[in-house]
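Data block below; observations after.
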Amino acid sequence: MADRVLVTGGAQRLGAELVRAFAHAGWEVWCHYHHSSDHAERLRAELRQAGLSVETVQADLAQQDEVLAMMDEVERRSGPLRAVLNNASQFEPDTGAAFDPERARALLEVNLIAPLLLGRELARQHAAGSSTDACVVHVLDQKVYNLNPDYFSYTTSKLALERVVALQAQALAPRVRVCGVAPGLMYLSGPQDPENFERASRINLLRKPIRPADVAQACLFLAGNPSVTGTTLCVDNGQHLVPLERDVMFVVDELFKESERDHRPR
């Protein structure tokens, strides 16, 4: 079977790093996008110019029919996948006190239901085959091991997906392995400004920013190692071992304010 992978949310940020890493490792890559068609096409052109195999496919992961149609299209045009990287997610600010059920359902569709569907469909593609090394890799977040109440619905959806790693590994064995990777802060997030990011990205045990390329290499390892299933690898410079009462972005903002007050003339 060809080493063929689907990367959801592959057009930008970590998704683009994943597409590049797998393409340069010799995989045939399908880059999924929703709205980012221009970014996806530029990425495909870049990698094809280097002689690498990349195709693009569009789908709204909140729509079950589109998820299934995407998997059918990939299989019809190139054959069964060896791996699916569930990288796409919705990330919106909210709190438990201002919880909005409709917003939470929207996040759950993309962050939880779509990954479950994609895993099911990957297993279906291999139901009658002889291969036992298909793999799903769920991209999580170090927040699942370092809880704070910010981004309440997002965190809830990722907590559920973290538990799915072991449960889905049991359910889809022996044909499909299921793994997780939990990165820390890698990119500007929401309303974060560059100064805040520069400080926040160093709040981890190693006191340095997390390299997206290292997260991509971890995913490549998990997808290619036939002995690993049902487990999650933290690639976060130890950020999950630095407990904070709030999201790191807000902690840095509060430290800025305290520093300004301390240095204000009296």
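Please treat every number below as a calculation from the coordinates, not as lab data. Predicted model, so just to flag it, every value in this text is computed and none were measured. Cβ sites come from the backbone with ideal geometry, for glycine too, and all protein chains shown count toward neighbours.
Most mobile of Val137, Val84, Val67 per a Gaussian network model of the chain (Cα springs, under 10 Å)?
In the Gaussian network model the winner is Val67.
Roughly how tilted is helix 212-224, in degrees to the nearest 10 and between 0 and 90, from the longest Cα axis of the chain?
Once rounded, the angle reads 30 degrees.
Placing unit charges on C-beta atoms (Lys and Arg positive, Asp and Glu negative, everything else neutral), compute the dipole magnitude of the chain about its Cα centre in debye, rounded to 20.
Value, rounded to 20: 700 debye.
As I understand it, the value is the acute angle between the Cα axis of helix 13-24 and the longest principal axis of the Cα atoms of the chain; what does it come to in degrees, rounded to 10?
Helix 13-24 sits roughly 40 degrees off the main axis of the chain.
Of Thr8, Thr95, how do they rank once you tally other Cβ atoms within 10 Å and put the fewest first?
So the residues, fewest neighbours to most, are Thr95, Thr8.
Identify which of Ala83, Ala166, Ala223 has the largest mean-square fluctuation in a Gaussian network model of the chain, with springs joining Cα atoms closer than 10 Å.
Evaluated over the chain, the most mobile residue of the options is Ala166.
Could you tally the net charge around Ala2, taking each other residue with its Cβ under 10 Å from the Cβ of Ala2, Lys/Arg +1 and Asp/Glu -1?
The answer is 0.
Can you give the net charge of the other residues whose Cβ lies under 14 Å from the Cβ of Leu233, counting K and R as +1 and D and E as -1?
Values: positive: Arg177; negative: Asp141, Glu162, Asp214, Asp236.
With Lys, Arg at +1 and Asp, Glu at -1, the neighbours total -3.
Can you tell me the 0 to 90 degree angle between the C-alpha axis of helix 248-262 and the longest principal axis of the chain, rounded to 10?
Here the helix axis deviates by roughly 20 degrees.
Could you quote the convex hull projected area for region 158-241, Cα atoms only and averaged over all directions, in nm²?
Details: hull surface 25.0 nm².
Here the figure is 6.2 nm², rounded to one decimal.
Along the positive direction of the dipole of region 4-262 (beta-carbon charges: Lys, Arg +1; Asp, Glu -1; about the Cα centre), which of Gln63, Leu140, Ser157 reaches farthest?
So the residue we want is Leu140.
Among Ala16, Ala59, Ala97, determine the one that fluctuates most according to a GNM of the chain built with springs between C-alpha atoms less than 10 Å apart.
Of the options given, Ala97 has the highest mean-square fluctuation.
Using the Kirkwood formula over every pair of different C-alpha atoms, what hydrodynamic radius in Å results for region 77-126?
Numbers: mean 1/r = 0.0784 Å⁻¹.
When all Cα pairs of region 77-126 are included, the Kirkwood radius is 12.8 Å.
Taking neighbour counts of Cβ atoms within 10 Å as a proxy for exposure, in what order, fewest first, do Ile210, Ile113 appear?
With the fewest neighbours first, Ile210, Ile113 line up as Ile113, Ile210.
Please identify every one of the chymotrypsin sites (Phe, Trp or Tyr not before Pro) in region 137-211 that sits in a loop by DSSP and has no more than 14 other beta carbons within 10 Å of its own beta carbon.
The qualifying sites are Tyr187.
How many percent of all Cα-Cα pairs in the chain sit more than 25 Å apart?
Above the 25 Å cut-off, the chain has 45 percent of its Cα pairs.
Around Asp100, under 11 Å between beta carbons, what's the net of Lys plus Arg minus Asp minus Glu among the other residues? Numbers along the way, then the final one.
On the way: positive: Arg103, Arg105; negative: Glu92, Asp94, Glu102.
That works out to -1.
Would you please name the trypsin sites (Lys or Arg not before Pro) within region 151-206 that are DSSP coil residues with at most 13 other C-beta atoms within 10 Å of their C-beta?
Details: sites: Lys158, Arg163, Arg175, Arg177, Arg199, Arg202; in loops: Arg175, Arg202.
When the trypsin sites (Lys or Arg not before Pro) of region 151-206 are filtered for loop state and at most 13 Cβ neighbours within 10 Å, nothing remains.
Starting from the amide H of Val235, placed 1.01 Å from N in the peptide plane, find each other amide H under 5 Å away whose residue is 5 or more places distant or on another chain.
Close amide H contacts, sequence-distant or interchain: Ala182, Gly184.
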